[in-house]
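Shown next, in structure tokens, is the structure this report addresses.
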Amino acid sequence: MSLRADQIAFFEEEGYLVVENAISPEILSALRTEYETLLDTLYAGWLAEGRVPEARGFWPKLSAAYGAGCDWFQPMDCSLPGGEIAADTPMHFGPAAFNMITHPPLLDIVESLIGPEITSNPIQHIRIKPPQGEVRTDEPRAHVTLTDWHQDRGVTLPEADATRMVTVWLAVTDVTHSSAPLQVIPRAHRAGLVEHCGWAQTGIPKSLIATDQAIPLPCPAGSAILFHPLTPHASLPNDSPHYRWSFDIRYNRSGEPTGRAHFPAFTARSRKAPETELKDWRLWRKLWEEARANLATTPHIPIHRWSTDSPVCA
């Protein structure tokens, strides 16, 4: 499923590209089943503790758990948090999630943009956004509420500023104009890295970017939105009555810094040395388990470079 020449030209000119049917219905179905099973286990524990009411179905359980203050985000996330990490910090690394990241048609798309030596970058997250009316007023997490304007290069460390990288945002549910679509500022990647501020969400002050030129990107389930690492983007509110579910994953050219060296990366594709490709999801999980054990006993490593000292952050 390599990109056509006109699609590559559009990406390079505009800084983004929407590709429908980037992941197969089988991949989507397996993901949903894997996460339904995970939530069932989490919910049974909360129910036994008397923290949640009886509920049936994935979405009702998510809603009831969020309303009760039970955290499903971190136990479902395919990453460790940016803050303090404990030996038992929950995370999820399963076969369906691994098959999504290593899906050959998706890697074909990525290869069209960064070449055939592809590393799965460890900056990756699940994003399940409740209807905005359900979001707590004190909810700071971009993965659950609104996502502030930012560039993906702005949320890596400077060591990766020259890394050839692409963000792949995958829609697991249909994304409509009302259900928190991503918005981008076309062609703004040409201006380079913009100053960010180290707020609760690391973001760009609106005074530094032309938000009036932003366009929304609704797309059907199975679509991929590809971003240049310097393309400013954010999410709109989820004004629909439904949850919006996506994954935010990245790939970079192998041998170049990931921007988060204390989290594990792996070779997703190599035409030169295919024997180096990771094929077993259990080894992927083990890499993260080992990283968690190490990080739980070492000083915290900041994941962003920005502070709030600049006048533009006031």
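If the only charges are +1 at each Lys and Arg Cβ and -1 at each Asp and Glu Cβ, what is the size of the charge dipole of segment 80-182 around the Cα centre, to the nearest 20 debye?
The dipole of segment 80-182 has a size of about 160 debye.
Which sequence of E54, E139 reflects their accessible areas, 1.4 Å probe, from the largest down?
Correct descending sequence by accessible area is E54, E139.
Of the residues R285, R153, R250, which exhibits the maximal mean-square fluctuation in a Gaussian network model of the chain defined by a 10 Å Cα contact cut-off?
Greatest mean-square fluctuation among the candidates belongs to R285.
Say the dipole of the chain comes from +1 at the beta carbon of Lys and Arg and -1 at that of Asp and Glu; which of I204, I249, S307 then lies farthest toward its positive end?
Most positive-ward Cα: I249.
Within segment 1-73, list the trypsin sites (Lys or Arg not before Pro) lying in a DSSP loop whose Cβ has at most 15 other Cβ atoms in a 10 Å radius.
Hits after loop and neighbour filter: R4, R51, R56.
Say we join alpha carbon atoms closer than 10 Å with springs in a Gaussian network model of the chain; which of G67, G50, G255 then has the biggest fluctuation?
Looking only at G67, G50, G255, the biggest GNM fluctuation is shown by G50.
Could you give the accessible area per residue of the chain, probe 1.4 Å, as a whole number in Å²?
Using a 1.4 Å probe on heavy atoms only, each residue of the chain averages 43 Å².
Quick one: among C78, C70, C219, which has the greatest mean-square fluctuation in a GNM of the chain with alpha-carbon springs under 10 angstrom?
C70
Regarding segment 226-291, what are the three Cα extents along the principal axes, ordered largest first, in Å?
Here the Cα extents, ordered largest to smallest, are 46, 28, 23 Å.
Would you work out which of L106, T119, Y43 lies farthest towards the positive end of the dipole of segment 39-120, given +1 charges on the beta-carbon of Lys and Arg and -1 on that of Asp and Glu, about the Cα centre?
Farthest towards the positive end: Y43.
Using only the alpha carbons of segment 176-230, determine the length spanned along each of the three principal axes and report them from longest to shortest in whole angstroms.
33, 26, 20
So how strong a dipole does segment 76-132 carry about its Cα centre when Lys and Arg Cβ are +1 and Asp and Glu Cβ are -1, to the nearest 20 debye?
Roughly 240 debye, rounded to the nearest 20.
Determine how many Å³ per residue the convex hull of the Cα atoms of the chain encloses.
Taking only Cα atoms, the chain has a hull volume of 136 Å³ per residue.
Pairing rule first: another cysteine's C-beta must sit under 4.7 Å. Under that rule, which cysteines of the chain stay single?
Among the cysteines of the chain, those whose Cβ sits 4.7 Å or more from every other are C70, C78, C219.
With charges set only on the Cβ (+1 for Lys and Arg, -1 for Asp and Glu), what does the dipole of the chain come to about its Cα centre, in debye to the nearest 20?
I would put it at about 220 debye.
The values are calculated or read from the model by the stated rules, or taken from the named source; none is laboratory data. Quick caveat, the model's predicted, so the values are computed rather than measured. Neighbour counts run over all protein chains shown; Cβ positions are idealised from the backbone, glycine included. These area figures cover heavy atoms from the full protein model, side chains too; ligands, DNA and RNA do not enter into them. Shrake-Rupley method; radii C 1.70, N 1.55, O 1.52, S 1.80 Å.
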